[in-house]
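Worksheet: one structure, shown below.
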Amino acid sequence: LEDGSSHYNLRVGLALDGALDHDALMAALNALVERHAILRTTYVAQGSDVEQQVNPAAPVALERVDLSGLAQQAQDEALQAL
C-alpha cells in the first residue's frame with residue numbers, strides 16, 4: 001500500500017535447459033493469471049480507505065531476447081544488463 005514502492009513485486013530470473021515451447025509457456029501463464037484473481041488484483045487508495053479492484057484477465061506480455069548469437073561471456077553480461 002506504499003505508493004511507488006516495489007515491495008510487493010518480486011523479480012526472479014530462471015535458467016531453462018532444453019527447447020522452449022513458447023506457445024505452451026504463454027498458454028500456461030495466461031491460464032494461471034485467468035485462474036488466480038489475486039494476480040490481477042490492485043489496491044487503490046480512496047481517501048482514507050483502500051479499495052480492492054480485481055481486473056479482467058489480459059494476455060501476459062513476455063519479452064523474448066535471443067542471446068544465442070553472442071559468446072558466453074557476452075551472453076552473461078547482456079543477461080545481467082537485462
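The values are calculated or read from the model by the stated rules, or taken from the named source; none is laboratory data. Predicted model only: the values in this text are computed from it and were never measured. Counting neighbours? That spans all protein chains shown, and the Cβs are built from the backbone with ideal geometry, glycine included. We work out accessible area using only protein heavy atoms, side chains counted, and drop any ligands, DNA or RNA first. Shrake-Rupley method; radii C 1.70, N 1.55, O 1.52, S 1.80 Å.
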Exercise. Pairing the Cα long axis of helix 22-35 with the longest principal axis of the chain, what angle in degrees results, from 0 to 90 and rounded to the nearest 10?
Worked result: 10
Problem set entry | Local net charge near ALA57, Cβ-Cβ under 12 Å (Lys/Arg +1, Asp/Glu -1) | +1
For this session: Please express the shape of the chain as an equivalent ellipsoid: the semi-axes are the square roots of 5 times the eigenvalues of the C-alpha gyration tensor, given largest first in whole angstrom.
Result: 33, 19, 9
Exercise. If the label point is 7 Å along Cα→Cβ of ASP66, which residues in segment 1-35 have backbone nitrogen under 16 Å from it?
Worked result: 19-23
Problem set entry | Per-residue SASA entry for ASP66, accessible area with 1.4 Å probe, Å² rounded to 10 | 120
For this session: Pop out the carbon and sulfur fraction of the accessible area of segment 3-78 as a percent, whole number, probe 1.4 Å.
Result: 52
Exercise. Once both labels are modelled 7 Å past Cα along the beta-carbon direction, what's the ALA78-THR42 spacing in nm?
Worked result: 3.3
Problem set entry | Computed E for VAL50/ASP21 - FRET, C-beta separation, R0 30 angstrom, nearest 0.05 | 0.15
For this session: Per residue of segment 57-64, in order, report the coupling 6.51 cos²θ - 1.76 cosθ + 1.60 (Karplus, θ = phi - 60°) as ³J(HN,Hα) in whole Hz, putting x for Gly and Pro.
Result: 5, 9, x, 6, 9, 10, 6, 10
For this session: With a 1.4 Å probe and all protein chains in place, put GLU63, GLU51 in order of accessible area, largest first.
Result: GLU63, GLU51
Exercise. Could you give the angle, 0 to 90 degrees to the nearest 10, between helix 72-81's Cα long axis and the longest principal axis of the Cα atoms of the chain?
Worked result: 20
